[in-house]
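Enquirer: Attaching a single structure in structure tokens format; questions to follow.
Readers should treat all values here as calculations from the given coordinates under stated rules, not as data from a laboratory. This one's a predicted model, so the numbers in the text were calculated from it and none came from an experiment. In this analysis, Cβ positions are derived from the backbone assuming ideal geometry, glycine residues included, and neighbour counts consider all displayed protein chains.
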Amino acid sequence: MKSRDLNSFFNPSSIAIIGVSEDEKKVGGILFEKLKKFCGKLILVNPNHKYIHGEKCYPSVLKYSKKIDLAIIAIPSDFVKNSLIECGKNKIKNVIVISSGFSEIGNKKEENELIEIAKEYRINLLGPNCFGIVNPFLNLDCTFANSFPKKGNIAFISQSGALWSYLSELKKGFSGFVGLGNMSDLDFSDWIKYFDEDKNTEKIVLYIEKIKNGKKFIQTCRNSKKKIIAIKSGKTEKSLQATLSHTGSLATDFEIYQGAFKQANVELDNSTKEIFSIRKKEVHLKNKKLILITNAGGVGALLSDYFSENKIVQKPIDILGTATANDYKNELEKHKNFKGTIVVIFTPQKMSEPEKTAEIISEFVKKNNKKVVAYFLGDKSIKTATEILRKNKIKCMNEI
């Protein structure tokens, strides 16, 4: 199997942000702020602005005459197709599509169109519905996570971006991160090959909901010189529902995956606790019925597995990584008459509001006399929020 040249994702000289924004709460605005630290050339693309924060803005990548190594698309899904075509016409070979609204919500036709465009123009396509990439050794962050990780030797390839928001806050060192999204083109095997040749990487960790091509995956892992560890969600029916709503993936029988991992020489661990040596702390619920509200589909799926194995009936609800405090408030209000425990999962993205969310949960509990358990995952970003929750006598966990 021939390896694809993915070096420009992690070591670009020039990056175009398509959908750059003045609004620092929007993904395009967050990417602009983060990529100000990028040492190469930054090309801003937005047809509605001539300048953003004093920097020149182009109406299209076609209006920029020099070479662009990497393009990041963060615009509404309706406009992604034409934007990808423009990238192809401008001979941009590496594209990250952050935009959601494709197979994860049933829009397979639109996603298939992106695949065909990528094939026609020989574009390496990451996404759509993708969290981006991070190279700690180049100070490169193309995600909307709240924290930047330390340099280290662990590469993390994940179908959950919000899981990265949590892990990047821990005192662990990483050589790189890739959020795969819907894997319309580039998948686990492509990135395993990349990190296998990366001098900074000693260990490759995978968060898996679904593998597209089992034979390719097994062969790639068997050929790898690096240790590969996998966390697999989707052991239970409820967890399968969570993964489907998250990246459009419906994981198949867990035992099949166990067999594939064994063939591939991949170590299977049950949670991030085991892989990253996080202090283990279990939560014991007296009530055997719960609703699970999360802004992190991957975390929701892992916890759903844990609760299902303990015979707890649950309903997982993914309000997406861009959820604000008001999104949590609205979802909680829908369940004020629920006769069970509500589990609220929070991971810190740039647009997240940890303290405000904690206050909303506290007010909801007081007003409705409900049993709520809060998983506020991370470190510095959630410190004040967890203090608010504990002050209001709400059980709060900061790890999974």
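Enquirer: From Cα coordinates alone, what are the radius of gyration and Dmax values for region 7-129 in angstrom?
Expert: Using the Cα atoms of region 7-129, the pair Rg, Dmax is 13.6, 40 Å.
Enquirer: Also, I was wondering about something else. Hey, for a label at K286 modelled as a point 7 Å past Cα toward Cβ, could you say which residues of region 338-374 have their backbone N under 20 Å away?
Expert: The answer is 338-344, 365-374.
Enquirer: Just report the Cα centroid separation between region 319-338 and region 88-121, whole Å.
Expert: Cα centroid to Cα centroid, the span is 30 Å.
Enquirer: Same structure again: How would D23, D196, D269 line up from fewest to most surrounding beta-carbon atoms within 10 angstrom? Please list the in-between numbers first.
Expert: Working: D23 11, D196 18, D269 14.
Ranking D23, D196, D269 by Cβ neighbours within 10 Å, fewest first, gives D23, D269, D196.
Enquirer: Using only the alpha-carbon atoms of the chain as identical scatterers, what base-10 log of I(q)/I(0) does the Debye formula give at q = 0.07, 0.12 Å⁻¹?
Expert: Debye output, listed in q order: -0.31, -0.93.
Enquirer: What is the calculated FRET efficiency for K334 to E33, with r their C-beta to C-beta distance and R₀ = 35 Å, to the nearest 0.05?
Expert: Result of the calculation: an efficiency of 0.60.
Enquirer: What is the extension gain from E255 to D78, computed as 0.36 nm multiplied by their sequence separation minus the C-alpha to C-alpha distance, in nm to one decimal?
Expert: So the chain would gain 59.9 nm between E255 and D78.
Enquirer: Moving on. For K262 and K50, what does the FRET efficiency come to when R0 = 60 Å and r is the distance between their Cβ atoms, rounded to the nearest 0.05?
Expert: Plugging the Cβ-Cβ distance into 1/(1 + (r/R0)^6) gives 0.55.
Enquirer: Given the options L125, L44, L138, state which has the largest fluctuation in a GNM of the chain using a 10 Å cut-off (strictly under) for Cα springs.
Expert: The residue that fluctuates most here is L138.
Enquirer: Modelled label-to-label distance, K41 and N139, 7 Å Cα→beta-carbon offset: nm?
Expert: 2.1
Enquirer: Among 367-374, 177-184, how do they line up from the highest to the lowest mean number of other beta-carbon atoms within 10 Å? Mind showing how you got there, number by number?
Expert: Numbers: 367-374: 17.0, 177-184: 27.2.
Highest-to-lowest ranking by the protection proxy: 177-184, 367-374.
Enquirer: If each DSSP helix of 4+ residues adds -39,500 (n - 2.57) and the sum is divided by the residues in the chain, what number results at 222 nm, nearest 500 deg cm²/dmol?
Expert: Value at 222 nm, helices only, nearest 500: -10000 deg cm²/dmol.
Enquirer: Of the cross-linked pairs K286/K315; K339/K371; K41/K203; K172/K199, which ones have a Cα-Cα span greater than 20 Å in the structure shown?
Expert: K41/K203
Enquirer: For S13 and E202 in the same chain, what is the full-extension length gain: residue separation times 0.36 nm, less their Cα-Cα distance, in nm?
Expert: Working: separation 189, 0.36 × 189 = 68.04 nm, distance 2.53 nm.
Result for the pair: 65.5 nm of gain on full extension.
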